[in-house]
Amino acid sequence: MRIVVLASGRGSNLDALLRAERSGELASRIVGVVSDKPAAAALDIARVAQVPAIALDPREYPDRPGYDQALFTRIAQLDPDLIVLAGFMRILDAAAFAPWLGRLINIHPSLLPRYPGLHTHRRALLAGDREHGASVHFVSAELDGGPLIAQVRMPILAGDTESTLAERLLPLEHRLLAASVSLIASRRLRWTSEGVQLDGTALATPLQLGEALHLTR
Ligand code: GRF
C-alpha cells in the first residue's frame, strides 16, 4: 500500500511508522508526509527518511473549505491507498474527505468514546479514571468518532500527572499505530458497509494491544 501521513508536530508516530516500514512490518511504503505547520519536526523526519515532505500553510488559503480542498488535492496527487492522521491537529471538513472514507485513519490519545478532542490526559485524571489509553479509528464525519480499530490500555497510577501519562502512553501509541496500519496494509482489516471487518468477520469490539505488543481480538 501507498501511505500518506499527516502530522502537525513532533512526528514521533510518523517516525514509528517509518521504522515499521524499514523493518518490513508494514508491507507498504510511506509516499509522502503533509503538514499544516511548515516548521513541524515531522517534516524534518520525513526529509531525513527521504520521503516527500509537503507543507500546506492554512494562512495561505482564504478559508477552511479552500484549504481542505487544496490539502486533499495535494494528497490525491500522491495516490495513497491509506491516509494516516498521526497528530494532525486540524479539524477537517467532512465533505473534503468524503471520497476517502474507509481509507483514512486517526490515532487519538484516549480510550474513545471517552474524551474526543483535546487535553485527553488531563480529562482522564480529572475524572478520576483508573485506566487510560489510546485508540486508532477510521475517520468519519464525527470528530474522533469513527469506527474503532484498536486500543491500548494502561493503568493510571497514584501520582500520575498529564506529563507522566503522556510519556507512558506514547510508546504504546507507536506500537498500536504500526500494528493497526500493518493489518490494513495486508488487507486483513477494512471498514465495510457492515462495519469493521477483520479476516472477513465483524469486529464487535476494538482489537487490544496485549502485553506482547501484538493486537488481539
Ligand atoms: C499523539 O499523542 C497522538 O495520539 C495525538 O497527537 C500526538 C502526536 O504526537 N493525536 P507525535 O507528533 O506523533 O509525536
If residue 183 satisfies all but one of (1) within 16 Å of the ligand (Cβ to nearest atom); (2) over 26 Å from residue 122 (Cβ atoms); (3) in contact with a strand residue (DSSP E or B) (Cβ under 6 Å, 6 or more places away or on another chain), what's the number of the condition it fails?
(1)
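For residues that are assigned to a strand (DSSP E or B) and not aliphatic (A, V, I, L, M), scanning just segment 27-55, find the one that is nearest to the ligand (Cβ to nearest atom). Reasoning before the result, please.
Here is the first cut: in segment 27-55, the ones assigned to a strand (DSSP E or B) are 29-35, 53-55.
Right, trim to not aliphatic (A, V, I, L, M) and you get 29, 32, 35.
Values: 29: 19, 32: 16, 35: 10 Å.
Ranking the candidates gives 35 first.
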Somewhere in segment 149-159, is a residue touching a Pro at 6+ places or on another chain (Cβ under 6 Å), surrounded by fewer than 21 Cβ atoms within 10 Å (Cβ to Cβ) and part of a loop (DSSP other than H, G, I, E, B)?
no
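Please enumerate the residues belonging to segment 5-26 that are part of a helix (DSSP H, G or I), of a type in the set (A, V, I, L, M, F, W, C) and more than 7 Å from the ligand (Cβ to nearest atom).
Filtering segment 5-26 down to residues part of a helix (DSSP H, G or I) leaves 12-22.
Then drop every residue that is not of a type in the set (A, V, I, L, M, F, W, C), which leaves 14, 16-18, 20.
The answer is 16, 17, 18, 20.
This table checks each residue for (1) small (Gly, Ala, Ser); (2) away from the ligand (no atom under 13 Å from the Cβ); (3) at pLDDT below 95; (4) surrounded by fewer than 21 Cβ atoms within 10 Å (Cβ to Cβ).
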| site | (1), (2), (3), (4) |
| --- | --- |
| 112 | no, no, no, no |
| 123 | no, yes, no, yes |
| 128 | yes, yes, no, yes |
| 143 | no, no, yes, yes |
| 162 | no, no, no, yes |
| 187 | no, yes, no, yes |
Unique match (being surrounded by fewer than 21 Cβ atoms within 10 Å (Cβ to Cβ) and in contact (Cβ under 8 Å) with a residue 12 or more places away in the chain) among 86, 94
94
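Quick check: is even one residue across segment 34-41 modelled with pLDDT of 95 or more, within 27 Å of residue 189 (Cα to Cα) and surrounded by fewer than 20 Cβ atoms within 10 Å (Cβ to Cβ)?
The initial filter retains those residues of segment 34-41 that are modelled with pLDDT of 95 or more, namely 34-41.
From what is left, the residues that are within 27 Å of residue 189 (Cα to Cα) are 34-35.
With surrounded by fewer than 20 Cβ atoms within 10 Å (Cβ to Cβ) added as a condition, the list becomes none.
No: zero hits.
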Taking segment 77-100 and keeping only residues that are touching a helix residue (DSSP H, G or I) at 6+ places or on another chain (Cβ under 9 Å), more than 16 Å from the ligand (Cβ to nearest atom) and not in a helix (DSSP H, G or I), one is left with 80, 81, 82, 93
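The values are calculated or read from the model by the stated rules, or taken from the named source; none is laboratory data. Keep in mind that what you see is a predicted model, and the values were worked out from it rather than measured. Neighbour counts run over all protein chains shown; Cβ positions are idealised from the backbone, glycine included.
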